[in-house]
Amino acid sequence: MPMKNIAIFASGEGSNAQNIINYFKGSALAKVELIVSNNPKANVLNRAKEAGIETLTSDRRTFYETSSVLEKLKAANIDLIVLAGFLWMVPENLITAFPNKIINIHPSLLPKYGGKGMYGMNVHKAVIEAGEKQSGISIHYVNNQYDNGDIISQHTCVIEPSDTPETTAQKIHQLENDFLPKTVFDLLSTKY
Ligand code: GAR
């Protein structure tokens, strides 16, 4: 079976991208072929360079008004796109070209704490302010609305009264590490 190719879209730190890179290192099933970022200063680009993975950075106009990202994804024979801390909405041309082949990791139990502006620490602050007893992660397909596509899986963690947004973020990152790479593996080995 030919190797499957993963593209990761990320805007910032890239710890989820790193987890996926590490998980598939030496895999016979798939490899991370391309990392796309909207932010030329994102640390994820350093991680990609370190791992010898090709990168593409795109400004807003190029991303939304040209087909250059789509062409790059096609040229790289990408089978699955993983949004890992990617803060822009995915344009329609990519959603159409990759039906049910774009997934997102969101750091809450959707539909709670989703939507525009709900990313990273903003989510964890809102969870703590609301006095939630649990939080978690949602892995879902991407459609043309923020955090709205069909859920693939959700995983929960307990929020103690002593938890802060920072300790919640740590719990969430642990869940992301435990479940996102494995979910990518399962999708690639069963669906595509
Ligand atoms: C992750 O916690 C991810 O779930 C979240 O951003 C963080 C990125 O961290 N994504 C969203 O909030 C999407 N709405 P990372 O850059 O270290 O992987």
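If only one of 113, 119 is within 11 Å of the ligand (Cβ to nearest atom), under 14 Å from the mean Cα position of the chain (by Cα) and hydroxyl-bearing (Ser, Thr, Tyr), which one is it? Before the answer, list the steps.
Working: 113 fails: under 14 Å from the mean Cα position of the chain (by Cα).
That would be 119, the only listed residue that is within 11 Å of the ligand (Cβ to nearest atom), under 14 Å from the mean Cα position of the chain (by Cα) and hydroxyl-bearing (Ser, Thr, Tyr).
Of the strands (runs of 3 or more DSSP E) entirely within the range 11-84, those holding at least 2 residues that are within 18 Å of the chain's Cα centre (by Cα), free of Cβ contacts under 8 Å to residues at least 24 places away in the same chain and away from the ligand (no atom under 15 Å from the Cβ) occupy 54-57. Exactly one residue out of 25, 41, 31, 72 is at pLDDT 95 or above, open to solvent by 50 Å² or more (accessible area, probe 1.4 Å) and touching a Phe, Trp or Tyr at 6+ places or on another chain (Cβ under 6 Å), and it is 31. Total residues in the range 162-182 satisfying the condition of being away from the ligand (no atom under 13 Å from the Cβ) and in contact with a strand residue (DSSP E or B) (Cβ under 7 Å, 6 or more places away or on another chain): the figure is 0. Taking into account only those residues within the range 96-108 that are under 15 Å from the mean Cα position of the chain (by Cα) and open to solvent by 20 Å² or more (accessible area, probe 1.4 Å), which is modelled with the lowest pLDDT? Restricting to residues being under 15 Å from the mean Cα position of the chain (by Cα) and open to solvent by 20 Å² or more (accessible area, probe 1.4 Å), the top hit is 100. For the range 176-185, the tally of residues that are open to solvent by 60 Å² or more (accessible area, probe 1.4 Å) and closer than 20 Å to residue 1 by Cα stands at 2.
For the range 141-175, what are the residues that are closer than 16 Å to residue 124 by Cβ, open to solvent by less than 80 Å² (accessible area, probe 1.4 Å) and hydrophobic (A, V, I, L, M, F, W, C)? Passing the criteria: 157, 159, 169, 172, 175.
Set side by side, the residues 122, 93 differ, and just one is surrounded by fewer than 17 Cβ atoms within 10 Å (Cβ to Cβ) and in contact with a helix residue (DSSP H, G or I) (Cβ under 6 Å, 6 or more places away or on another chain), which is 93. Pairing residues of the range 137-150 that are closer than 14 Å to residue 86 by Cα with residues that are assigned to a strand (DSSP E or B) and within 11 Å of the ligand (Cβ to nearest atom), at Cβ distances under 6 Å and at least 6 apart in sequence or on separate chains, gives 139/105; 140/104; 142/104; 147/106.
The values are calculated or read from the model by the stated rules, or taken from the named source; none is laboratory data. Here the structure is a predicted model, which means the values were calculated and not measured. Cβ atoms come from the backbone with ideal geometry, glycine included; neighbour counts cover every protein chain shown. When the accessible area is computed, the model is the full protein with side chains, heavy atoms only, and any ligands, DNA or RNA have been set aside. Shrake-Rupley method; radii C 1.70, N 1.55, O 1.52, S 1.80 Å.
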